[in-house]
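Participant: Please find one structure pasted underneath; my questions will follow.
All of the numbers you see were taken from the coordinates with simple rules; none came from a lab. Keep in mind the model is a prediction, meaning the values are calculated, not measured. All Cβ positions, glycine included, derive from the backbone under ideal geometry; neighbour counts span all protein chains shown.
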Amino acid sequence: MLAKLIVSFAYFLDSSKKYKEVKGFAYDLLENPKSKIKPYFDAFIIFLVLITVSILIYDIAHQISYHFEIVENTAVFIFILEWLGRFWIHDDLRHLIIQYHEKQIELSQKPKAKAILKIIILQKMKYMFSPMSIIDLLAILPTYRPLRILRIFLIFRLLKIFRYTKSLNTFFKVLSDKKFEFNFLFIIAIFAVFMSATIMYVFEGVGNNPNIGSYLDAIYWSIITISTVGYGDITPVTLTGKIVTLFLVGGGFMILVLATSVVTNALSDKMEIVRENKLLSQANKLSNLIVVFGFGRMGMALAHELYENGKNFIVVDKNEENTTKAKELGYLYMKADASEYEMINNLVFQNDVEKVVITTDNDALNLSILLTIKAERKDIEVLVRANNDENIKKFKIANADFVIFPYETIAEVAVEYIGNAVKFDAIENLILKKSNITLDEINILEGSDMVGKSISQIGLKHMSITTIAVLKNGSSRNFIFNPDNDNYKFEPNDSVVVIGDKKNIGEIKKSISRQFT
Amino acid sequence: MTKIVIFGYSKTGREIAKLLSDDEYDLQIIDENLLSVGKANEDGFYARHSSFSEDKMLEEIGIGKDIDVLFCTSTNDSLNLFVTLSARNLDKNLKILTLIYKNNDEKKMILAGANRTISPYDVGALKAYRIIDKPKVSKVLSLFSLQSNKLSMNEIVVPKGSILDGVYYKDISIFKEFDLIFLGMLDKELGDEFIFFSEGINHKIDHHDILIVLGSKSNIKKFKTHIGAL
């Protein structure tokens, strides 16, 4: 009976759009590293932690007014809500219950309440005993006034801050990668401490040295000495003690040096990754991102164009030399192997990517990237470079939106040079070089006052802008070449391809966009 | 018949050769690599093996005598540079077009005597950029490409005594009559700079000036007949 109730409740939740929306919001707020609201929420919690810790510290020596108590109680209330929220979104129990139910049906058995409860408890326990959950809980405790000892847990409230600062997390993660080295150093240090403390205690502990009254004193002396702090409140008096001290100081110095180098090493190893994660999260915030795979010479030339024109883009290359160049030029970059699905998933599918340009000189790799992207997201426009004319067809079969075979383009331009040097110059100026005269497109938007007007009327002729063609709905299948200056009237969604002075074209475009402000 | 030498059967060299395979051109392909020579022969072109390291080799194939155009399309910048320099030395009037792979090699190539240089990477990148930024312009340009053959860009030398000789180009509507777009011109008196119509200057057309027009092939032919350039 209970089992049936839980299962039908799980189905009910699963079908409820509202429930999913609310849970999705809670996830965005608390856990989703890519959500836009989480950073604000995190900052707010950190603020609360700092405020309440200050109040509690002040409270130790002073009598605080009830205003502060209200703040403290509100903060703790929010902390509790936050913990409960995380407790809730930690897993999707309904999926597990439905899964269990489906399995039982297959086995033609009825769902058992015991089994379902076991699933629920196991999942939730997993969260409750996770380190972060424990820290959160302990952070709530110091508010309980009757037990003043609980104030020591105040420290946990400060630990809570770690949860919200990504760089600290990464720092600890970096250090945990060097576990072996740290363990090794730690064991050596422990060994040195106990050995020297024992020798010291044996030779000076029984009356020789008034400062060493117990074994604990000897340990204390040993740690103060090995750490090179050396307070000097306990100093050796016997010859043996002095010799031991000499060795201990030397050894302590070595251990410190080693530990420092391990940390530095770990950091320098991982700093690159940390930096890249940061770049990736920067890319995350950008919209209409263009991803350029391959930062070879073509990738570089393209990135330069994109940069000059203020587009949002990120370049990907696995070659260290190339990414260093991208770094020097100040581009967003990622050092990664584009043949891995995970990489493309993180960069392309998880971000607001509009277009992808694949420019490596390896057609097999280009094809693999293209297929990975098109298999999942058909809406992303992909331009791909072909390095061999036989592969152009393959890229088209694989749904590439555009295939660029640079050698063919060059050949077409080059051949013009044979008999038509002037034409070559005209083409080169327009297409390859940067001159004031440029080829551009003007889009006649629906509702614009350009609609119904002629080329002369909107001032194109006056500005010596040459109209090459009008594309209907932006398609080259339906176009009017050389439209008449006076007789052709613009229709909505016309795209006008023109040649003219950059500034003049810019002005026409502005006069269109101004209308829509 | 235009005599052309392609030095370097690279990917670009190959594409150029494919475009020039009709009978109007006398094509010679030279490569320093035997494998490339073999490949060119396989593709049906007449190719020879030579490194062009001595002037004698250049003279042998006709540079300095009757070759009109030299394409230096090997994948090696310094080799292209060397051949450009040697060829320029033999023939002042030879048209030399050289590929450059490194951006800073452009000045060197021009100094060595190349008339024009093209960087394959820049061309590819600019093409990609244009598709991203101005997709419709790319569509129109593709109509002009040699493969689609729909529209053509053509240069026309104004003959002496033609109806265009001595008129200002803003004053005439002749281009409109033939459904052509007048893009610009090269005035021999003013030097080698190409003047775009869109620059807004009203300029006088003289004989020997070169006009660039856009239009369908048949209209261009009619126009040429009309002004007496054919």
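Participant: HN-Hα J couplings of the stretch A:451-460 from phi, Karplus 6.51/-1.76/1.60, θ = phi - 60°, integer Hz, Gly and Pro as x?
Facilitator: Running phi through 6.51 cos²θ - 1.76 cosθ + 1.60 with θ = phi - 60° gives 4, x, 9, 9, 4, 5, 5, 8, x, 5 Hz.
Participant: Taking every DSSP beta bridge with both residues inside chain B, roughly what % is antiparallel (nearest 5)?
Facilitator: Here the antiparallel bridges make up roughly 45 percent for chain B.
Participant: Here's something else I'd like to know. Out of the chymotrypsin sites (Phe, Trp or Tyr not before Pro) in the stretch B:33-95, which ones are loop residues according to DSSP with at most 12 other C-beta atoms within 10 Å?
Facilitator: Sites meeting the loop and neighbour criteria: B:Tyr46.
Participant: Tell me, what ³J(HN,Hα) does each residue in the stretch A:170-183 have, in order and in whole Hz, if you take phi through Karplus 6.51 cos²θ - 1.76 cosθ + 1.60 with θ = phi - 60° and put x for Gly and Pro?
Facilitator: Per residue, the Karplus-derived 3J(HN,Hα) values read 5, 4, 5, 5, 4, 5, 5, 5, 9, 3, 4, 4, 5, 4 Hz.
Participant: Only bridges whose two residues both fall in chain A count here: according to DSSP, what percent of them are antiparallel, nearest 5?
Facilitator: Looking only at bridges with both residues in chain A, the antiparallel portion is about 45 percent.
Participant: I would also like to ask the following. Quick one: angle between helix B:120-133 and the longest Cα principal axis of chain B, in degrees between 0 and 90, rounded to 10, please.
Facilitator: That helix lies at roughly 40 degrees to the long axis.
Participant: Return B:Val123, A:Val274 ranked ascending by Cβ neighbour count within 10 Å, so the fewest neighbours appear first.
Facilitator: A:Val274, B:Val123
Participant: Can you compute the radius of gyration and Dmax for chain A, using only the Cα atoms, both in Å?
Facilitator: 34.8, 116
Participant: Rounding to the nearest 20 debye, state how big the charge dipole of the stretch A:2-164 is about its Cα centre with +1 on each Lys and Arg Cβ and -1 on each Asp and Glu Cβ.
Facilitator: The dipole of the stretch A:2-164 has a size of about 540 debye.
Participant: Further question: Which GluC sites (Glu not before Pro) in the stretch B:38-101 pass both tests, a DSSP loop state and at most 12 other beta-carbon atoms within 10 Å?
Facilitator: Taking the stretch B:38-101 and a limit of 12 other Cβ atoms within 10 Å, the loop GluC sites (Glu not before Pro) found are B:Glu54.
Participant: Compute the orientation-averaged projected area for the stretch A:1-76 from the convex hull of its Cα atoms and round it to one decimal in nm².
Facilitator: Mean projected area for the stretch A:1-76: 8.4 nm², to one decimal.
Participant: I would also like to ask the following. Rg/Rh for the stretch A:285-417: what does it come to with C-alpha atoms and Rh from Kirkwood?
Facilitator: My calculation of the ratio gives 0.96.
Participant: On to the next question. Give the residue list of GluC sites (Glu not before Pro) in the stretch A:424-490 that are DSSP loop and have at most 14 other beta-carbon atoms within 10 angstrom.
Facilitator: Loop-located and lightly packed - A:Glu446.
Participant: What residues qualify as long-range amide H neighbours of B:Ile100, i.e. H under 5 Å apart, gap of 5 or more or another chain, H built at 1.01 Å from N?
Facilitator: For B:Ile100, the qualifying residues are B:Ile118, B:Ser119.
Participant: Still on this structure, please answer the following. What is the log10 of I(q)/I(0) for the stretch B:152-227, computed with the Debye formula using one identical point scatterer on each Cα and no solvent, at q = 0.15, 0.20, 0.28 Å⁻¹?
Facilitator: These q points yield log10 I(q)/I(0) values of -0.44, -0.82, -1.64.
Participant: How big is the gap, in Å, between the Cα center of the stretch A:439-495 and the Cα center of the stretch A:24-43?
Facilitator: Centre-to-centre (Cα) distance: 47 Å.
Participant: I need to check one value: relative contact order of chain A, counting alpha carbon pairs closer than 8 Å and at least 6 residues apart, in percent.
Facilitator: 7 percent
Participant: For the stretch A:2-164, how big is the tail of P(r) above 19 Å, as a whole percent of Cα pairs?
Facilitator: 63 percent
Participant: Calculate for chain B the 222 nm mean residue ellipticity that helices alone would give, adding -39,500 (n - 2.57) per DSSP H run of length 4 or more and normalising by residue count, nearest 500 deg cm²/dmol.
Facilitator: Dividing the helical sum by the residues of chain B leaves -10500 deg cm²/dmol.
Participant: Taking each residue of A:94-102 in turn, how many C-beta atoms of other protein chains fall within 10 Å of its C-beta, and what is the average?
Facilitator: 0
Participant: Still on this structure, please answer the following. How many times 2.2 N^0.38 Å is the alpha carbon radius of gyration of the stretch A:250-357?
Facilitator: So the Cα radius of gyration is 1.34 times the expected 2.2 N^0.38 Å.
Participant: Which whole-angstrom value gives the distance between the alpha carbon centres of the stretch A:200-242 and the stretch B:151-223?
Facilitator: Answer, in whole Å: 102.
Participant: Could I ask something else about it? Using label points projected 7 Å from each Cα along Cα→Cβ, tell me how many nm separate B:Leu85 and A:Ser130, to one decimal.
Facilitator: Taking the simple label geometry, B:Leu85 and A:Ser130 are separated by 6.8 nm.
Participant: At 37 °C and 0.692 mPa s, what whole-number value in µm²/s does Stokes-Einstein give for the translational diffusion of the stretch A:221-286, with Rh from the Kirkwood sum over Cα pairs?
Facilitator: The diffusion coefficient I find is 220 µm²/s.
Participant: Rounding to the nearest 10 and keeping the result within 0 to 90°, find how far the Cα-based axis of helix A:2-15 lies from the longest principal axis of chain A.
Facilitator: For A:2-15 against chain A, the angle is about 40 degrees.
Participant: Give the span of the stretch A:386-517's Cα atoms along each principal axis, as three whole-Å numbers ordered largest to smallest.
Facilitator: 48, 37, 28
Participant: In vacuum, with every alpha carbon of the stretch B:121-195 counted as one equal point scatterer, what does the Debye formula give for log10 I(q)/I(0) at q = 0.19 Å⁻¹? Two decimals, please.
Facilitator: -1.01
Participant: What percent of all Cα-Cα pairs in the stretch B:2-118 falls in each 10 Å bin, counting up from 0?
Facilitator: 15, 51, 32, 2
Participant: When the distances between all Cα atoms of the stretch A:179-269 are binned every 10 Å from zero, what whole-number percent does each bin get?
Facilitator: 17, 47, 23, 10, 3, 0
Participant: Follow-up. Return the calculated 222 nm mean residue ellipticity for chain A, to the nearest 500 deg cm²/dmol, obtained by summing -39500 (n - 2.57) across DSSP H runs with n ≥ 4 and dividing by the residue count.
Facilitator: The helix-only estimate for chain A comes to -19500 deg cm²/dmol at 222 nm.
Participant: Follow-up. Can you grab the distance from the C-alpha centre of the stretch B:12-57 to the C-alpha centre of the stretch A:82-128, Å, no decimals?
Facilitator: Answer, in whole Å: 73.
Participant: Go from 0 up to the bin containing the longest alpha carbon distance in the stretch A:436-514, width 5 Å each, and give me the % of pairs per bin.
Facilitator: 3, 17, 30, 30, 17, 3, 0
Participant: With contacts defined as alpha carbon pairs under 8 Å and 6 or more residues apart, what's the relative contact order of chain B in percent?
Facilitator: 14 percent
Participant: Just rank B:Ser53, A:Ser65, A:Ser368, A:Ser222, fewest to most, by other beta-carbon atoms within 10 angstrom.
Facilitator: A:Ser65, B:Ser53, A:Ser368, A:Ser222
Participant: Using only Cα atoms, what Kirkwood radius does chain B have, in angstroms?
Facilitator: Evaluated over chain B, this radius sits at 19.9 Å.
Participant: Oh, and also: Please give the helix A:363-376 orientation as an angle from the longest Cα principal axis of chain A, in degrees from 0 to 90, rounded to the nearest 10.
Facilitator: Around 80 degrees separate the two axes.
Participant: Check B:Ile205: other-chain or 5+ apart residues with amide H under 5 Å from its amide H, H built from backbone geometry?
Facilitator: It is B:Gly166, B:Val167, B:Tyr168, B:Tyr169, by chain and number.
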